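The values are calculated or read from the model by the stated rules, or taken from the named source; none is laboratory data. Worth saying up front: this structure is predicted, and the values here are computed from it rather than measured. We place every Cβ from the backbone using ideal geometry, glycine too, and count neighbours over all the protein chains shown. Surface accessibility is based on the protein's heavy atoms, side chains included, excluding ligands, DNA and RNA. Shrake-Rupley method; radii C 1.70, N 1.55, O 1.52, S 1.80 Å.
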Amino acid sequence: MRSLRTGLSLAALVTGAALLFTAPAAHAADTPLRDLAAAKGKVIGTAVTGSKLTGTYGDLAGGQFSSLTPGNAMKWGTVEPTQSTFNWTEADQIVAFAQAHNQQVRGHTLVWHSQNPSWLTTGTWTSAQLSSLLQNHISTEVGRYKGKIAAWDVVNEPFNEDGTYRSTLWYNGLGSDYIANALTWAHAADPDAKLYINDYNVEGVNAKSTALYNLVKDLKSRGVPIDGVGLQAHLILGQVPATLQQNIQRFADLGVDVAITELDIRMALPSDSTKLAQQKADFKSVVAACVAVSRCVNVTVWGFTDSDSWVDSTFPGYGAATPYDANYAPKPAYYGIAEALGGTTTTPPPTGACTAAYSVSSQWNTGFTGQVTISCSGASLSSWQVSWTYGAGQQITQAWNAVCTQSGAAVSCANASYNGTVADGSSVSFGFNASWSGSNPVPAVTLG
Ligand code: XIL
């Protein structure tokens, strides 16, 4: 016994993980999404941030997807922040990464009302000047990447919800013909790139998608180069439009390709296993709708990991919208995509959870310092309480980063005012000092 009570015993160094927490990686035997998609004649893509394309993020972006869309790198405000001063660094990097990984690139986007440089939006332009600025922009950017871009989102978000044209710099200055002109200029700069009009809330049959349909029909009848429509698909959990496949089909029947260009499916936080299961079903039904229509050529997710999504900052209270969690573990949604692409998943879809682990970090002859770490994956917490029962008379004397009470052998620790939130993919720890004598067994902890 003496040896156990003096100095650092081996037991003091052992981590007592009361509930083992592991972030499952995609099973090595799982076929990558890009291979499953290829077998169905489809392309599967993701939006990416150039600076992140290393490590696990780079491995997944390159290994799982056959197409990349720069999330921001090709927008006008990024590439020409000051008039005539260009910055192609991130766009070039993404194109080079895609070429190295045998991937397509979707160029995004040439004509939009948002993320334009301030010199452009605050300038006073005649319509002739505006037209020539737009033509130059399109010729320069499309020309720079000629032969390297499979498809361009030439015009982004031209419509209001009721199907009227959105009031923008372009519509107000140039009238609705800015769309036909932009397509014509893009075609002149790269005749091989497929040219798209891209919008949101056009996934189902509704007034907005019907306006897009009528526009495409009109452009085709006029001989304007239009190859496809992009359905962004920023969706809400449980709200995949029932008419998605029918809508894809009606565009296909017009003689254009369809791409799901920005798929994400957000949920009210915190996530839980029920929501993650619904999200799996939703991703599966969107991808299945594309698989069912031969002219639906590409499904692209708008960020593949919850750590690289625009949702959390754009829709407060919502998140967890992508197929991988913030630690790059595949969520049930990942398996929904795989199954819709004909994959049989060899790894059971993980369910989200938050767990607590207790460990002794140092121990001396009468006392010890302990630590509890609460970790969440595929789930999150807004408050927490951890309890355990000591089996050998241990007594807590002091705690930090939690409010702890002990009654007999029963210990209960609740979050402090400032650390109740444990986001999906993150962890929170608290510590304590306690006395012991005789032995110091690790208790089982319960997270409530
Ligand atoms: C988003 C990006 O993901 C964010 O990083 C940025 O702050 C705002 O734009 N529709 C589009 C995309 O066409 O370009 C938008 O991307 C999301 C909505």
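Evaluated against (1) touching a helix residue (DSSP H, G or I) at 6+ places or on another chain (Cβ under 9 Å); (2) farther than 21 Å from L212 by Cβ; (3) more than 16 Å from the ligand (Cβ to nearest atom); (4) assigned to a loop (DSSP other than H, G, I, E, B), V293 falls short on exactly one condition, (2). Within the stretch 283-296, the set of residues being surrounded by fewer than 21 Cβ atoms within 10 Å (Cβ to Cβ) and in contact with a strand residue (DSSP E or B) (Cβ under 6 Å, 6 or more places away or on another chain) comprises just one member, R295. Every test in (1) in a helix (DSSP H, G or I); (2) surrounded by fewer than 19 Cβ atoms within 10 Å (Cβ to Cβ); (3) touching a residue at least 12 places away in the same chain (Cβ under 8 Å) is passed by G147 save one, and that test is (1).
If we scan the stretch 105-113, do we find a residue that is away from the ligand (no atom under 16 Å from the Cβ) and touching a Leu at 6+ places or on another chain (Cβ under 7 Å)? Scanning the stretch 105-113, I find no residue that is away from the ligand (no atom under 16 Å from the Cβ) and touching a Leu at 6+ places or on another chain (Cβ under 7 Å), so the answer is no. Within the stretch 34-62, the set of residues being under 16 Å from the mean Cα position of the chain (by Cα), among the small types (G, A, S) and away from the ligand (no atom under 16 Å from the Cβ) comprises G58, G62. The set of residues from the stretch 98-139 being among the hydrophobic types (A, V, I, L, M, F, W, C), in a helix (DSSP H, G or I) and open to solvent by 30 Å² or more (accessible area, probe 1.4 Å) comprises A100, W119, A128. Filtered by the rule that a residue be touching a Phe, Trp or Tyr at 6+ places or on another chain (Cβ under 7 Å), within 16 Å of the ligand (Cβ to nearest atom) and free of Cβ contacts under 8 Å to residues at least 60 places away in the same chain, the stretch 259-290 gives L263, D264, R266. Taking every residue in the stretch 221-248 that is in contact (Cβ under 8 Å) with a residue 12 or more places away in the chain and pairing it with any residue that is of a type in the set (K, R), at least 6 positions away or on another chain, the pairs with Cβ-Cβ distances below 7 Å are I226/K220; D227/K194; G228/K194; I236/R266; L237/R266; L237/K275. For the stretch 312-344, a residue qualifies if it is under 8 Å from the mean Cα position of the chain (by Cα) and within 22 Å of T421 (Cβ to Cβ), and the qualifying residues are A320, A321, T322, Y324. The set of residues from the stretch 73-97 being surrounded by 16 or more Cβ atoms within 10 Å (Cβ to Cβ) and either touching a Cys at 6+ places or on another chain (Cβ under 6 Å) or part of a loop (DSSP other than H, G, I, E, B) (or both) comprises A73, M74, K75, E80, W88. The residues of the stretch 184-198 that are of a type outside the set (F, W, Y) and either without any contact (Cβ under 8 Å) to a residue 40 or more places away in the chain or over 20 Å from E262 (Cβ atoms) (or both), listed by number, are T184, H187, A188, A189, D190, P191, D192. Looking across the stretch 227-258 at every residue that is part of a loop (DSSP other than H, G, I, E, B) and open to solvent by less than 10 Å² (accessible area, probe 1.4 Å), the one that is nearest to the ligand (Cβ to nearest atom) is identified as Q232.
The residues listed here are N415, N401, N433, N365; of these, the one that is under 30 Å from A329 (Cβ atoms) and surrounded by fewer than 18 Cβ atoms within 10 Å (Cβ to Cβ) is N401. The residue list L381, L341 contains one member that is at pLDDT 95 or above and away from the ligand (no atom under 16 Å from the Cβ), which is L341.
Just one of the listed residues (N181, N201) is open to solvent by 30 Å² or more (accessible area, probe 1.4 Å), without any contact (Cβ under 8 Å) to a residue 60 or more places away in the chain, closer than 25 Å to T300 by Cβ and not aromatic (F, W, Y), namely N201.
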